[in-house]
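My questions all concern the structure below.
The values are calculated or read from the model by the stated rules, or taken from the named source; none is laboratory data. Keep in mind it's a predicted model, so treat the numbers as computed, not measured. In this analysis, Cβ positions are derived from the backbone assuming ideal geometry, glycine residues included, and neighbour counts consider all displayed protein chains. Ligands, DNA and RNA are stripped out before the accessible areas are found, and what is left, the full protein with its side chains, is counted by its heavy atoms. Shrake-Rupley method; radii C 1.70, N 1.55, O 1.52, S 1.80 Å.
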Amino acid sequence: MPTLGLDDHPFFQGLERTNVQALAAAATIRRYEDGQVIFEEGGESDALFLVLDGRVAFEKSVPGNKWRVISYAESGDFFGEIGVLTGAPRALRACAASGSAFIARLPREELREFIRRTPGPIDQILQSIVSHLHHTTRHYVDEMLRQEKMSLVGNMVSSIIHDFKNPFTLISLGAQMIASQHKDPRTQKLCDNMNRHIQRMVDMANEVSEFARGIQSFRPTRVDLRTLVQKFHELNEPYFQKEHVSIETDIDAVILEGEEGKLLRVLQNLVGNAIDACDECKEGRVRIEARDRGENCEITISDNGKGIPEQIRNNLFDPFVTFGKTGGTGLGTAIVKSVIEAHKGRIRFETATDKGTTFFIQLPKAQGPRA
Ligand SMILES: Nc1ncnc2c1ncn2[C@@H]1O[C@H](COP(=O)(O)OP(=O)(O)OP(=O)(O)O)[C@@H](O)[C@H]1O
Ligand SMILES: [Mg+2]
């Protein structure tokens, strides 16, 4: 038997007996075994629950079919009221924790009727407090999950880099040996390419790892935009040849203070997305332009692809926002934005379904003193 009877539960204390009779009569009491689910995340919010005995855990699903405990309710607490009052589905899953639990279930209709009959503007006040709470909680939980995902990505990438270091070093040494024994220009160029690509893989992995940890190192040097775009072309030539998309460039002669490797990755991510977007185009076209605008320069990357899906236009630059790609991590544009902001620049886009997308990047030529 539970330690608390229904009448002794604090939820009913201080309320006029005649008012709560109908509500108490509609209550059902049930025992849940340890770990047994009381309601599922996303389920209908059809009742309020009172804990008469034991403990209840509230859990949120996280990647990898796992659950993360967000909070607990103990004997004398009640839960599930937010969904009942707002009509929103359950934001979390509830289950009995640390042994069995006795739970009373008060059905939604009877509860709403009880609130309606209670004198004064209690219903409206409750609605407003609850909807405020609902938003705050949702925001908190989303933020927590985002951080969890970030730290998972950070750990994963660090361990990959660690495991890849030896093979990378061996390939790099091999390339250097071949280059020292075969001095013809073609072999020299191929070996040089191998080394550059290895360095690029290490840099890319380091960057994702830094981004996931919230670290943004920034070591600006003098960057010639024309050389940068040319480098980008050379590095990607083998890939571009495979794609049925033409890549055009029109770059003003601009020198700016920036970090070459990071700016290369901006192009890589945005042009990569643009090529993906032209998947179903008859004649896919991607264009990179850079214009000298006095103190700033403006880089645009445009395509005639399918356009950014409406569902993600408002939060495209958030981490893990991906749409319609099987292998997408959703980190590409988030990293791009963080790089542009590290350069004190700005990025925005214009897009139209089935017409194409243009990203506009504004970068200052000089970085000035850093805060
Ligand atoms: N130029 C574009 N045209 C159409 N859709 C785009 C374009 N750029 C981005 N998107 C959409 O935005 C989503 C997010 O892009 P983002 O680069 O952040 O992640 P991703 O490409 O899915 O994964 P990855 O981390 O591998 O880059 C893409 O999945 C795609 O649906
Ligand atoms: Mg991408």
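For a 30 Å ceiling on Cα separation, which of these pairs sit above it: LYS282/LYS365; LYS165/LYS262; LYS242/LYS325? All intermediate terms of the calculation are to be shown ahead of the outcome.
On the way: LYS282/LYS365 38 Å; LYS165/LYS262 21 Å; LYS242/LYS325 19 Å.
Flagged as over cut-off: LYS282/LYS365.
Carbon-plus-sulfur fraction of the accessible area of the chain, 1.4 Å probe, in percent? Kindly include the intermediate steps, with their values, before the conclusion.
Values: 10980 of 20870 Å².
The computed percentage sits at 53.
Got a number for the accessible area of HIS139? Probe 1.4 Å, square angstrom, nearest 10.
Rounded to the nearest 10, that gives 130 Å².
Then there is this: Label-point separation (nm) for LYS165 and GLN199, each offset 7 Å from Cα along Cα-to-Cβ?
1.9
Dipole of the chain, Cα-centred, from +1 at each Lys and Arg C-beta and -1 at each Asp and Glu C-beta, to the nearest 20 debye? Please list the in-between numbers first.
Values: 46 positive and 51 negative charges, 175 e Å.
In total the dipole reaches around 840 debye.
Connecting C-alpha atoms closer than 10 Å in a GNM of the chain, tell me which of CYS278, CYS297, CYS191 has the biggest fluctuation.
CYS191
If you don't mind, there's one more thing I want to ask. Arrange the peptides 20-28, 267-275, 233-241 so that the one whose residues have, on average, the most other Cβ atoms within 10 Å appears first.
Working: 20-28: 15.0, 267-275: 21.0, 233-241: 12.8.
Packing proxy ranking, top to bottom: 267-275, 20-28, 233-241.
Can you work out the Karplus-derived ³J(HN,Hα) for every residue in the stretch 364-369? Use 6.51 cos²θ - 1.76 cosθ + 1.60 with θ = phi - 60°, whole Hz, and x for glycine or proline.
Karplus-based 3J(HN,Hα) across the stretch 364-369 equals x, 6, 10, 8, x, x Hz.
Explain nothing, just the number: relative contact order of the chain, from Cα pairs under 8 Å at least 6 residues apart, as a whole percent. Could you put the intermediate results ahead of the total?
Details: 599 pairs, mean separation 41.4, N = 371.
Averaging sequence separation for qualifying contacts and normalising by length gives 11 percent for the chain.
Next question. Give the relative contact order (percent, whole number) for the stretch 221-364; include only Cα pairs under 8 Å separated by 6+ residues. Walk me through the numbers on the way to the answer.
Numbers: 267 pairs, mean separation 33.3, N = 144.
It rounds to 23 percent for the stretch 221-364.
Mind pulling the angle between the C-alpha long axis of helix 225-242 and the longest principal axis of the chain? Nearest 10 degrees, somewhere in 0 to 90.
The angle comes out near 80 degrees.
On average over all directions, what projected area in square nanometres does the chain have, based on the convex hull of its Cα atoms?
Numbers: hull surface 105.4 nm².
Directional mean of the projected Cα hull area for the chain stands at 26.3 nm².
Could you name the lysines in cross-link range of LYS183, using Cα to Cα under 26 Å and dropping any fewer than eight places away on the same chain?
Qualifying lysines at Cα under 26 Å: LYS231.
Return the sequence-ordered ³J(HN,Hα) values of the stretch 96-101 in whole Hz as given by the Karplus equation 6.51 cos²θ - 1.76 cosθ + 1.60 applied to θ = phi - 60°, using x for Gly and Pro.
5, 10, 6, x, 7, 9
For a quick check, take a GNM of the chain with Cα springs below 10 Å and name the residue from LEU190, LEU263, LEU225 with the largest mean-square fluctuation.
Among LEU190, LEU263, LEU225, the largest mean-square fluctuation in the Gaussian network model of the chain belongs to LEU190.
Amide H neighbours of CYS297 under 5 Å, at least 5 residues apart or on other chains, H built in the peptide plane: list them.
The list, which skips near neighbours in sequence, is LEU363, LYS365.
Further, regarding this structure: For the chain, can you list the cysteines whose C-beta has no other cysteine C-beta under 4.7 Å from it?
CYS95, CYS191, CYS297
Check cross-link reach from LYS60 to the aspartates and glutamates: straight Cα distance under 14 Å, and skip same-chain residues fewer than eight apart.
GLU40, GLU41, ASP142, GLU143, GLU148
Another one. Please work out the average accessible area per residue across the stretch 221-364, using the 1.4 Å probe convention, and give it in Å².
Working: 7410 Å² over 144 residues.
For the stretch 221-364, the per-residue accessible area is 51 Å².
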